[in-house]
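Below is one structure, written out as structure tokens, with a few remarks after it.
The values are calculated or read from the model by the stated rules, or taken from the named source; none is laboratory data. Every value quoted in this text rests on a predicted model; they were computed, and no experiment measured them. Please note: Cβ atoms are built from the backbone with ideal geometry, for glycine as well, and neighbour counts cover all protein chains shown. Heads up: the accessible areas ignore ligands, DNA and RNA and are worked out on the full protein's heavy atoms, side chains in. Shrake-Rupley method; radii C 1.70, N 1.55, O 1.52, S 1.80 Å.
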Amino acid sequence: MSLLDDVAERDSWRCWVCDEPVDPDKSVNDQQGPSVDSRTADRKAKVAERLAHRGCNSRKGAVKVVIAWPDSLYVVEPAPLVAVAARLERKGGREMVGRCPTKKDAQEAADWLVDRFSRLVPGLPVTADVETGGGQFLVVLATGRR
């Protein structure tokens, strides 16, 4: 197997940037085709390579990657997830990532975050908790390491 195949299988053929499926039958020269994104800029990252669409991989070289929160979630002041992922991967611990007006909104955000982080930082066990504070509901991500 090639490096591309190994990385793609591990990442379940999903782009780490946009979280959309990557078509294994597309040409590697096609914007929607598969490419291996090397994370050499983050030397402490546990996973050195990630699967990305060729277009997502090229774009991230020109602009800072932003992992979008879904419009369907009601989160106030959502944290930039790439920076959160880097900190949790490097240091572990807990981090508050957003505030929600209702417990239901916070739980939906927490569930989405656990699912998204399973692909954003594979191998990093992340949990999400909903805590009350100041009449709002806080979404807190945590790793087993402290």
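Out of the residues in region 48-63 that are closer than 18 Å to Ala86 by Cα and open to solvent by less than 20 Å² (accessible area, probe 1.4 Å), which is modelled with the lowest pLDDT? Top of the filtered list is Arg50.
Tally up the residues in region 85-104 that are among the aliphatic types (A, V, I, L, M), at pLDDT below 95 and in contact with a helix residue (DSSP H, G or I) (Cβ under 9 Å, 6 or more places away or on another chain), please. Steps first, please.
Taking region 85-104 and keeping what is among the aliphatic types (A, V, I, L, M), we get 85-86, 88, 96-97.
Right, trim to at pLDDT below 95 and you get 85-86, 88.
Filter again for in contact with a helix residue (DSSP H, G or I) (Cβ under 9 Å, 6 or more places away or on another chain), leaving 85, 88.
The total comes to 2.
Of all residues in region 1-25, those that are more than 19 Å from Val66 (Cβ to Cβ) have Cβ atoms under 9 Å from Cβ atoms of residues that are open to solvent by 70 Å² or more (accessible area, probe 1.4 Å) and of a type in the set (A, V, I, L, M, F, W, C), 6 or more apart or on another chain, in Glu9/Met1.
Screening Ala106 against (1) in a helix (DSSP H, G or I); (2) closer than 11 Å to Val140 by Cα; (3) open to solvent by 10 Å² or more (accessible area, probe 1.4 Å) leaves a single unmet condition, (3). Being modelled with pLDDT of 95 or more and of a type outside the set (A, V, I, L, M, F, W, C) is a condition met by no residue of region 112-125. Among residues that are of a type outside the set (Ser, Thr, Tyr) and modelled with pLDDT under 85, Ala45 is included. Listed conditions (1) modelled with pLDDT under 90; (2) under 23 Å from Trp69 (Cβ atoms) are all met by Asn29, apart from (2). Hey, can you tell me all the residues within region 81-99 that are open to solvent by 10 Å² or more (accessible area, probe 1.4 Å), of a type in the set (A, V, I, L, M) and either assigned to a strand (DSSP E or B) or touching a Pro at 6+ places or on another chain (Cβ under 9 Å) (or both)? Met96 - this is the single residue of region 81-99 that is open to solvent by 10 Å² or more (accessible area, probe 1.4 Å), of a type in the set (A, V, I, L, M) and either assigned to a strand (DSSP E or B) or touching a Pro at 6+ places or on another chain (Cβ under 9 Å) (or both). Looking across region 109-146, just one residue is open to solvent by 40 Å² or more (accessible area, probe 1.4 Å), in contact with a helix residue (DSSP H, G or I) (Cβ under 8 Å, 6 or more places away or on another chain) and not in a strand (DSSP E or B), and that is Arg145.
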